[in-house]
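Structure first, commentary second.
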Amino acid sequence: MSARPDSALLVDRFGRVATDLRVSLTDRCNLRCTYCMPAEGLDWLPKPELLTDDELTRLIGVAVTRLGVTDVRFTGGEPLLRPGLEAVIAATAALEPRPRISMTTNGVSLDRRAAALVAAGLNRVNVSLDTLDPVRFRTLTRRDRLADVFEGLAAARDAGLTPVKVNSVLMRGVNEDEAVPLLRFCLAHGYQLRFIEQMPLDPQHGWDRGDMVTAEEILAELRTEFELTPEPGERGGAPAERWLVAGGPAAVGVIASVTRPFCAACDRTRLTADGQVRNCLFSRSETDLRALLRGGASDGEIADRWRANSWAKAAGHGINDAGFQQPDRPMSAIGG
Ligand code: SAM
Ligand code: SF4
């Protein structure tokens, strides 16, 4: 195995550099999307195991000031459920150099929080929305909250958390007929839509390749109604392949994590709500920064362990390999 170069950054053996930190603020959620959580919820992480706001802020500080992280995205579980969210965002925004700060949320109660989040320093949001139909929404998320999500989206746009991106997962026999309506809705409201292929990260381990609606199918469906042309320019580490709609400037993205993996350009590192660093959604091992931190380690020691975690990053997620094994943690406890 090659030796790690003397770099302060989160480099790996395949020439990638992680600059995008995903921070899970909680594993809890107020929805129960069928592909993400069982109806009864999961065994939530016990409170003493969760990082406190101060611990979280310290680790984000190490990532930004010592490891070259330029983008911080808060996620979960549902990040809006984290008490002290605004304070954590404000502390992140006070770091030098200031990172770009975004959040992935289900949008419930975002309408009441958008202004305070902007004041704290949040730059952008991604809101997850898989259906426009209230009855379907209730079946899919097991909660009757579609109107709240619509209000959250509008409030985010009006508060300047732009571009507001909408993430949609299509599932066969559930909402696969909504590609066109979702795009029409997003175009009409000025939101940027991205479809995400469903990945094997559900706690029930019920993912079935045959039920996944592929990027190719989504694009074919969209083309029945819209003219799509590849967006010119570099994609960089961005997971979404983007297509101009009717010549632009509006665009739609497709994140083909399974059928067209973008691992070779991955620039992510992840911190879970209980202080574990993961170099991939699909990692089968983690680095315990919480133990290090609570054991009195210095920022320099923490940074070194984080670098070692990145150096050990695999070339790809392996979903399409014969011996693929799903990680033990479900998506909601890793941070999507
Ligand atoms: N609760 C927030 C939300 O729903 O946006 C943040 C966490 S959620 C786990 C983040 C994103 O992961 C959502 O857009 C959700 O649709 C997506 N997601 C969850 N399970 C998934 C899976 N198995 N495959 C692909 N995307 C998934
Ligand atoms: Fe909650 Fe997001 Fe999972 Fe839905 S996808 S259950 S909103 S964490």
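The values are calculated or read from the model by the stated rules, or taken from the named source; none is laboratory data. What you are looking at is a predicted structure, and each value in this text was computed from that prediction instead of being measured. Please note: Cβ atoms are built from the backbone with ideal geometry, for glycine as well, and neighbour counts cover all protein chains shown. Remember, those area values only see protein heavy atoms, side chains included, never the ligands or the DNA or RNA. Shrake-Rupley method; radii C 1.70, N 1.55, O 1.52, S 1.80 Å.
List of remarks:
- Take every DSSP beta bridge whose two residues both sit in the chain; close to 35 percent of them are antiparallel.
- Student exercise, the range 134-231 dipole from Lys, Arg, Asp, Glu Cβ charges, in Debye to nearest 20: 360 debye
- For the range 59-134, a crude dipole built from +1 on the beta carbon of Lys and Arg and -1 on the beta carbon of Asp and Glu, taken about the Cα centre, is about 300 debye to the nearest 20.
- Computed from Cα positions, the angle between helix 299-311 and the longest principal axis of the chain comes to roughly 50 degrees.
- Between T229 and T259, the C-beta separation translates, for a Förster distance of 25 Å, into a calculated FRET efficiency of about 0.75.
- Ordering C186, C266 by accessible surface, largest first, gives C266, C186; the 1.4 Å probe counts only protein heavy atoms, with every chain in place.
- For the range 191-256, the equivalent ellipsoid built from the Cα gyration tensor has semi-axes of 25, 14, 9 Å, listed from largest to smallest.
- Normalised by the number of residues in the chain, the average gap of Cα pairs under 8 Å and 6 or more apart makes the relative contact order 22 percent.
- For the range 10-334, the residue among N30, G316, S168 whose Cα projects farthest onto the positive side of the dipole built from Cβ charges is G316.
- The chain: Rg to Rh, with Rh as the Kirkwood radius over Cα pairs: 0.94
- Sites excluded, GluC sites (Glu not before Pro) in DSSP loops with at most 11 other C-beta within 10 Å, longest stretch of the chain: 41-226
- Neighbourhood charge, 12 Å Cβ-Cβ cut-off, centred on D20 and excluding it, Lys, Arg +1 and Asp, Glu -1: +4
- For the chain, the longest principal axis of the alpha carbon atoms and the long axis of helix 110-120 meet at an angle near 40°.
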